[in-house]
Amino acid sequence: MKSVVTTVITSADAAGRFPSSSDLESVQGSIQRAAARLEAAEKLANNLDNVAKEAYAACIKKYPYLNDSGEANSTDTFKAKCERDIKHYMRLIQYCLVVGGTGPLDEWGIAGGREVYRALNLPTAPYVEALSFARSRGCAPRDMSVQALVEYNALLDYTINSLS
Amino acid sequence: MDKRFSSMFGLSEAESILLLDTPLGQLPEGQSRYVAACELVNFPTEAAIQALIRAVQNPNPELDNRIVRRKSIETLGRLSAVQALPMIRDCLGDEDCYTVENAVWAIGEIGTDDAVLLEQVAQLLETPNQTYRVIIHTLAKLGYEPAVARIKTFVDDEDTTIASAAMTAIARLTGDRTPLSQVVEFLLHPNVYTRRLAIQDLIDAQHDEAIPAIARTPVSLVFRLRGIRMLADAGTGNAGTNQAKSAGIDIDRLNFATDIQPWLEQVLWDRPEDLTLVHEYDQPPTLEFLINELYQTDFGRCYLAVKTILAEHREIAPAALMVAYQEKARADYGGHYHVMKLLGRLHYEPAFELMVQEGLNNPQPQFQKSRFAAALSLGELGNVEAIPALKACLDSPIWTIKYAALMALEKLGDRTAHDLAAQDSDWLIRAKATSM
């Protein structure tokens, strides 16, 4: 699992050297942001079901024709299809907040995910729309502190960018 | 191509083009250019292609525009828009690695024998932070042999999905099939994406010998069925015939009854005991834990849970599964599938109606695999009242549902629908119907 710390140590070890001062600065930066990240991780974990539900409900509301997509006829279950996937990405985002790097998303969500979506012709638009909604929905200090929201939104942007 | 989700947003061509041409700051409330770029895949017209090209040429670096550019490139690839090739070529130098990835992929879809362009793609193998797997795929697909030496440098890549693609490409470009044995080993890698993507690589290499190993791979049956189906089509002269002929490949090398049917049906039955599982429990889990595992996105873990439920909790599992179904699995397409399968394996007769109504006849595209799971579970229950509903499935456009319905009817001792199925437009369904 890659994080700022493991990346720094791995590249230092590969070169047979001590971490450089810029390496240490990036570790220091990551540690300084740790409190905000962990706050965001905790808030997200406590509210995961609602965040995912709300994000997809917003997507359905925005695109009401999703309700009768294909042969679909039941709004609840259609929403739940994507809720399952959005919850999965939210969980990976939460892991990234804990780790302090994008390793969990990169390794378990994105690497290969883009290829699978393309090969199976699965739609990415609902995820992009739902995650974009989650990004615009977060509010400080109502949901979390300003700094925690910055960390959370950065990972939402990262996920939207990588999935699209 | 599976088009279940292609027009899920229901936009017309004109609406999509209008939306795509709208500047970011002037978008009507709640409208998305990204969605428009997706929807245009349904309109293979010059107007749509030109709109997509204009979208790719929009240089705005904001995230909302960047994702539209990438999706537009992908859609142009899907539309095989040759006229877009010069513009897509310009994207190979883009600083956004996903834009480059989509451009390389689109070139592979559109096709080219322009050596200069192919060399430009090959040089991306020496550019840092690119999606090497897609680059390697495209070079192999388009037969660019001068890239072999550079592709070889990736066979030991720490990212096993890249290593797998490199080994496959070398086999395709040089004819030396030796590296494919390692790709087959990747089918049992701890990382689920390595397992899934190794199947793709074996399809690309037309490595028929891997069919039994693919059948045993602990990933969702969707990937295994796709792999076996594509190998079966190619190996029986039912897909890519012209391409195979020109490449000197034997297109009639697989026999349905011996090389395809046993493995295909093993996958459709989808019994964990037929899989090589890569996970294990360090202590005996509770039934509650096991049921929760059915919602995992790594099906390898779900299969271990299914196997353990069948071995350790046969008596109490049906009631617990029915509760889980109502509470959560009903709305979760992964959990839904496993519950449908388990209730059949447990011969839980009270679930008959549920299997018919919410499994076999489930109208929603994302629950498609639950439909063939339910068909086979109805076969397991042995209740002949399921026969009319199963026969009705033979009108489905989805081959897996038809095939599973035939298997279930066979199990129930009914052959009356087989004459009809023997006339099916799909060679695989005809082969199944006439084999019984």
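Values quoted throughout were computed directly from the atomic coordinates according to the rules given, and no laboratory measurement underlies them. Here the structure is a predicted model, which is why all the values come from computation and not from measurement. We place every Cβ from the backbone using ideal geometry, glycine too, and count neighbours over all the protein chains shown.
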Q: For the range B:297-313, take each phi angle, set θ = phi - 60°, evaluate the Karplus expression 6.51 cos²θ - 1.76 cosθ + 1.60, and give the result in whole Hz per residue in order, putting x for glycine and proline.
A: 7, 8, 5, x, 6, 4, 5, 5, 5, 4, 4, 6, 4, 5, 7, 10, 9
Q) Taking the Cα atoms of the range B:267-306, what is the range of coordinates along each of the three principal axes, in descending order and whole Å? A) 27, 19, 15
Q.
Under 5 Å between amide hydrogens, which residues at least 5 positions from B:Ser32 or on another chain qualify, with H placed 1.01 Å from N in the peptide plane?
A. none
**Q.** Karplus (6.51, -1.76, 1.60) ³J(HN,Hα), θ = phi - 60°, over the range A:101-106, in Hz, Gly and Pro reported as x
**A.** x, 8, x, x, 5, 4
Q. Helix B:192-204 versus the longest principal axis of chain B: what is the Cα-based angle in degrees, 0 to 90, to the nearest 10?
A. 70
Q: Find how many whole Å separate the alpha carbon centroid of the range B:385-436 from the alpha carbon centroid of the range A:86-139.
A: 39
Q: Provide a whole-number value for the mean count of partner chain Cβ atoms within 10 Å of the Cβ atoms in peptide A:103-115.
A: 4
**Q.** Amide H contacts under 5 Å for B:Asp157, placed H, 5+ residues apart
**A.** B:Ala163
Q.
Let's see if you can work this out: charge +1 on each Lys and Arg Cβ, -1 on each Asp and Glu Cβ, no other charges. What is the dipole magnitude of chain B about its Cα centre, in debye to the nearest 20?
A. 600
**Q.** Only Lys, Arg (+1) and Asp, Glu (-1) charged, at Cβ; the range B:1-108 dipole about Cα centre in debye
**A.** 240
Q: Add +1 for every Lys or Arg and -1 for every Asp or Glu among the other residues with Cβ under 14 Å from the Cβ of B:Ile67, and state the total.
A: -1
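I need the peptides B:302-308, B:181-187, B:425-431 ranked by packing, meaning the mean over residues of other C-beta atoms within 10 angstrom, with the highest value on top. It would help to have the intermediate numbers written out before the result.
Numbers: B:302-308: 22.7, B:181-187: 19.1, B:425-431: 16.4.
Top of the packing list down: B:302-308, B:181-187, B:425-431.
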Q) Using the alpha-carbon atoms, what tilt in degrees (0 to 90, nearest 10) does helix B:221-235 show relative to the longest principal axis of chain B? A) 70
Q | Anisotropy class of the range B:279-435 from Cα gyration tensor, a/c 1.5 cut | A | prolate
(Q) If I take every Cα pair under 8 Å that is 6 or more residues apart in chain B, average their sequence separation and divide by the length, what percent do I get for the relative contact order? (A) 7
Q: Any chance you could list P(r) for the protein assembly as shown, counting all Cα-Cα pairs in 20 angstrom bins from zero, rounded to whole %?
A: 18, 53, 27, 1
Q: Count charges around B:His189 for me, please; just the other residues with Cβ under 11 Å from its Cβ, Lys/Arg as +1, Asp/Glu as -1.
A: +1
Q: Name the residue farthest towards the positive end of the dipole of the protein assembly as shown from the options B:Leu294, A:Gln94, B:Ser220, assuming +1 on Cβ of Lys and Arg, -1 on Cβ of Asp and Glu, about the Cα centre.
A: B:Leu294
Q. Going by alpha carbons, how many degrees (0 to 90, nearest 10) lie between the helix axis of B:317-327 and the longest principal axis of chain B?
A. 50
Q: Amide H neighbours of B:Asp96 under 5 Å, at least 5 residues apart or on other chains, H built in the peptide plane: list them.
A: none
Q: Choose one answer from B:Gly93, B:Gly344, B:Gly359: the residue with the largest mean-square fluctuation in a GNM of chain B with alpha-carbon springs under 10 Å.
A: B:Gly93
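Mind checking which helices in chain A clear 20 Å along their axis (Cα) and have mean Kyte-Doolittle hydropathy of 0.5 or more, DSSP H runs only? Please report the intermediate quantities before stating the final value.
Details: long enough: A:48-62 (21 Å, -0.09); A:75-99 (36 Å, -0.22); A:146-163 (25 Å, 0.56).
Long hydrophobic helices here: A:146-163.
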Q) In what sequence, highest mean first, do B:402-411, B:163-172 appear when ranked by Cβ atoms within 10 angstrom? A) B:163-172, B:402-411
(Q) Can you give the local net charge around B:Phe256? Use residues other than it whose beta-carbon is closer than 15 angstrom to its beta-carbon, Lys and Arg +1, Asp and Glu -1. (A) -3
